[in-house]
Amino acid sequence: MQIIKDRTVLITGASSGIGEACAFAFAEVGARLILTARRSPRLDALKTQLEQQFETEVFLLTFDVRDLASVNAALNSLPAEWQAIDILINNAGLSRGLDKLYEGNIQDWEEMIDTNVKGLLYVTRAIAPGMVARGRGHIINLGSIAGHETYPKGNVYCATKAAVRAISEGLKQDLLGTPVRVSSVDPGLVETEFSQVRFRGDTERAKTVYADMVPLTAQDVAEVILFCATRPPHVNVSEVLVLPTDQSGATLVHRDPRHL
Ligand code: NDP
Ligand code: 8X3
């Protein structure tokens, strides 16, 4: 098992959901954490909690992954003792809307493509070279069942996650011959703020996504990510599709009111 204690882990999208759960999971095993997102008050609160609960060393960076200049400025501003990032968890991402493609909102498309694809690329481009130079590193990308199967009205979100899958594969090919690993963790339905963001704060509609079934929790996914990160150096968990037991595909969900 790979020891995570004192390893430096950078998590994008740590202010909520899966990213926040990863912060707890990695803090518990003694990692040093660089936590990033746009909502700095949430990051501040998380830092305080992790310091108190686990005595974790935490460094916060507030930036928008869509803004290349901000990404580079933030990462270049890291103090020397935080620059050697061992594990990058490319988690920041979102969906916006659920519309037929021919009726879709173009700004929603831009936001999803800029965040899920370009943002992930910007952060990876800034951090991966150091991993190669140091001969140590692991990049874990958050894909989705949506990158394996397109579902009706999911069009552009699914396209961004299919792109993440292609990027993970390409990065793995290009890093072959180095010790740097690339894993893709691809969940099905996870109850986080994801659907509230998708439906712009319509919590009632968001709840219907997980109605009458048992979704994954953010912690379930964080445990899978931690498993990937703790394999011995010669083992790369390349791709994990992790679904709720009540889900067998992007559109196949067993719903039973007795779950409530
Ligand atoms: P949440 O909405 O709970 O969290 C999303 C995180 O991404 C937040 O911390 C948010 O922080 C951050 N983020 C969004 N946009 C930006 C941006 N432009 N710049 C920086 N950070 C940003 O959703 P999840 O935890 O569910 O989602 C995490 C990842 O998991 C996403 O990539 C998502 O696509 C993927 N996923 C989710 C599934 C689900 O069912 N929930 C299933 C499969 C994959 P802030 O707003 O503070 O910037
Ligand atoms: C999130 C899973 O099915 O809600 O990537 O799009 S789904």
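The values are calculated or read from the model by the stated rules, or taken from the named source; none is laboratory data. Because the structure is predicted, anything quoted here is derived from the model rather than measured. We place every Cβ from the backbone using ideal geometry, glycine too, and count neighbours over all the protein chains shown. Areas reflect the complete protein model, heavy atoms only, side chains present, ligands, DNA and RNA absent. Shrake-Rupley method; radii C 1.70, N 1.55, O 1.52, S 1.80 Å.
Considering Leu176, Leu241, which residue is within 20 Å of the chain's Cα centre (by Cα) and more than 28 Å from Arg39 (Cβ to Cβ)? Give the derivation first.
Working: Leu176 fails: within 20 Å of the chain's Cα centre (by Cα).
Step by step, each of Leu176, Leu241 is checked, and only Leu241 is within 20 Å of the chain's Cα centre (by Cα) and more than 28 Å from Arg39 (Cβ to Cβ).
Is region 7-14 home to any residue that is open to solvent by 20 Å² or more (accessible area, probe 1.4 Å), under 21 Å from the mean Cα position of the chain (by Cα) and more than 14 Å from ligand 1 (Cβ to nearest atom)?
yes
Which pairs turn up if I take residues in region 13-33 that are part of a strand (DSSP E or B) and look for partners that are open to solvent by 20 Å² or more (accessible area, probe 1.4 Å) and modelled with pLDDT of 95 or more with beta carbon separation below 8 Å, at least 6 apart in sequence or on another chain?
Arg32/Arg7; Arg32/Glu57; Arg32/Phe59; Leu33/Glu57; Leu33/Phe59
Quickly run through region 203-234 and pick out the residues that are within 30 Å of Thr178 (Cβ to Cβ) and either open to solvent by less than 40 Å² (accessible area, probe 1.4 Å) or under 21 Å from the mean Cα position of the chain (by Cα) (or both).
Restricting attention to region 203-234, the residues satisfying the condition of being within 30 Å of Thr178 (Cβ to Cβ) are 221-234.
Passing the criteria: Val221, Ala222, Glu223, Val224, Ile225, Leu226, Phe227, Cys228, Ala229, Thr230, Arg231, Pro232.
Given the residues Ser195, Ser168, Ser144, which is the only one that is small (Gly, Ala, Ser), more than 10 Å from ligand 1 (Cβ to nearest atom) and touching a residue at least 12 places away in the same chain (Cβ under 8 Å)?
Numbers: Ser195 fails: more than 10 Å from ligand 1 (Cβ to nearest atom); Ser144 fails: more than 10 Å from ligand 1 (Cβ to nearest atom).
Unique residue meeting the criteria: Ser168.
Among residues belonging to region 123-141 that are under 15 Å from Gly170 (Cα atoms) and open to solvent by less than 50 Å² (accessible area, probe 1.4 Å), point out the one that is farthest from ligand 2 (Cβ to nearest atom).
Ala128
Within region 46-65, can you find the residues that are at negative phi and over 20 Å from the mean Cα position of the chain (by Cα)? Walk me through it before giving the result.
The first filter runs over region 46-65 and keeps only residues at negative phi, leaving 46-54, 56-65.
Scanning region 46-65 gives Thr48, Gln49, Glu51, Gln52, Gln53, Phe54, Thr56, Glu57.
What's the total number of residues in region 17-30 that are over 18 Å from Glu55 (Cα atoms) and touching a Phe, Trp or Tyr at 6+ places or on another chain (Cβ under 9 Å)? If you could, list the steps in order and put the result at the bottom.
Step one: list which residues in region 17-30 are over 18 Å from Glu55 (Cα atoms), which gives 17-19.
Okay, now just the ones that are also touching a Phe, Trp or Tyr at 6+ places or on another chain (Cβ under 9 Å), so 17-18.
Result for region 17-30: 2.
Evaluate region 160-167: report whether one residue or more is more than 12 Å from ligand 2 (Cβ to nearest atom), surrounded by fewer than 18 Cβ atoms within 10 Å (Cβ to Cβ) and modelled with pLDDT of 95 or more.
yes
For region 51-106, name all the residues that are acidic (Asp, Glu) and more than 14 Å from ligand 1 (Cβ to nearest atom).
Within region 51-106, the first condition is being acidic (Asp, Glu), and the residues that meet it are 51, 55, 57, 64, 67, 81, 86, 99, 103.
Scanning region 51-106 gives Glu51, Glu55, Glu57, Glu81, Asp86, Asp99, Glu103.
Could you tell me which of the residues Arg200, Arg96 is at pLDDT 95 or above, farther than 16 Å from Leu241 by Cα and crowded, with 18+ Cβ neighbours inside 10 Å?
Working: Arg200 fails: crowded, with 18+ Cβ neighbours inside 10 Å.
Of Arg200, Arg96, the one residue that is at pLDDT 95 or above, farther than 16 Å from Leu241 by Cα and crowded, with 18+ Cβ neighbours inside 10 Å is Arg96.
Taking region 99-122 on its own, how many of its residues are buried (at least 16 other Cβ atoms within 10 Å of the Cβ) and part of a helix (DSSP H, G or I)?
Initially, region 99-122 is screened for residues buried (at least 16 other Cβ atoms within 10 Å of the Cβ), giving 104, 108-109, 111-122.
Pick out the ones that are also part of a helix (DSSP H, G or I) and you get 108-109, 111-122.
Selection size over region 99-122: 14.
I'm told Leu46 meets every condition in (1) surrounded by 15 or more Cβ atoms within 10 Å (Cβ to Cβ); (2) of a type outside the set (S, T, N, Q); (3) closer than 17 Å to Cys228 by Cα except one. Can you identify the failing condition by its number?
Of the numbered conditions (1) surrounded by 15 or more Cβ atoms within 10 Å (Cβ to Cβ); (2) of a type outside the set (S, T, N, Q); (3) closer than 17 Å to Cys228 by Cα, the odd one out for Leu46 is (3).
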